[in-house]
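Here is the structure we will look at.
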Amino acid sequence: CGVTEYSIPDGIQSIGYGAFYRASNLTKINFANSVKYIDGHAFQRTGIVNLVIPDHILSIGEYAFDLCEDLKSVTIGDGVGVIGSFAFYECDRLTSVTIGRGVGSIGGNAFSSYNLKEVYCLSIVPPCSQDNIFYLGRTPKIYVYDEAFEAYKSAWSKYADYIIGNNE
């Protein structure tokens, strides 16, 4: 597929399993307001560079952006409630992630990307996770609001040394 930018047409509610799998030339995706769900493996191994998941999207499936080797930054909108396991696994150029206010659950290894340096968590309530969110031994700095600092240190105790308050 030689397409470098694609706009999901209005009326589409779900981007299906593996829909853009290995579309390595795809560097930018635009989501119609009708899109609510990104299914598993939907954008796995694409060439997306900077990703903004809009507020109207509710969930990101397992392995949805796995092995996107050119991905540098991710901003997840406030409407997303669930981030599936391995959603951004081994995106080796990924350095920065912003997690929106609505995220309540993050699957195991969702952000296990070797070069991840900083994560901004906008929610006052820490998202639940039953497994590692990041690579152990390569944990990024995790920025949270001051009023959420103690809650994150408690809920994400294995990352307590990396949690920094005063996210503005």
- Message: Is the C-alpha gyration tensor of region 93-134 telling us rounded, prolate or oblate? Criteria: a/c under 1.5 is rounded; beyond that, a/b larger than b/c is prolate, otherwise oblate.
- Response: oblate
- Give the accessible area for ASP39 in Å² (nearest 10); use a 1.4 Å probe, count only protein heavy atoms, and leave out ligands, DNA and RNA. 50
- Sorted from largest down, what three extents in whole angstroms do the Cα atoms of region 1-127 have along their principal axes? 40, 32, 19
- R0 = 35 Å: FRET efficiency of GLU147 with LYS28, Cβ-based, nearest 0.05? 0.50
- Item | Rounded accessible area of ILE124 (nearest 10 Å², 1.4 Å probe) | 80
- Task: Please identify, among GLU69, GLU147, GLU90, the residue showing maximal mean-square fluctuation in a Gaussian network model of the chain using a 10 angstrom Cα cutoff.
- Result: GLU147
- Around ILE163, which amide H atoms from residues at least 5 apart in sequence, or from another chain, sit under 5 Å from its own amide H, with H modelled in the peptide plane? ILE142
- In Å², what does the accessible area per residue of the chain work out to with a 1.4 Å probe? 47
- Task: Round to a whole angstrom and tell me the spacing of the C-alpha centers of region 6-57 and region 81-160.
- Result: 21
- May I ask you to give the percent of accessible area on region 1-92 that is carbon plus sulfur, with a probe radius of 1.4 Å? 48
- Task: Assuming 1.002 mPa s and 20 °C, estimate D for region 79-156 with Stokes-Einstein, Rh taken as the Kirkwood radius over Cα pairs, in µm²/s.
- Result: 173
- Item | Fraction of antiparallel bridges per DSSP, region 51-138 only, in percent to nearest 5 | 0
- ³J(HN,Hα) across region 102-112 via Karplus (A = 6.51, B = -1.76, C = 1.60, θ = phi - 60°), whole Hz, x for Gly/Pro? x, 5, x, 9, 10, x, x, 6, 4, 10, 7
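The values are calculated or read from the model by the stated rules, or taken from the named source; none is laboratory data. On a predicted model such as this, the values are computed, not experimentally measured, just so you know. Every residue, glycine as well, gets a Cβ built from its backbone with ideal geometry; the counts of neighbours run over all protein chains shown. Please note that ligands, DNA and RNA were not included when accessible areas were found on the heavy atoms of the full protein model with its side chains. Shrake-Rupley method; radii C 1.70, N 1.55, O 1.52, S 1.80 Å.
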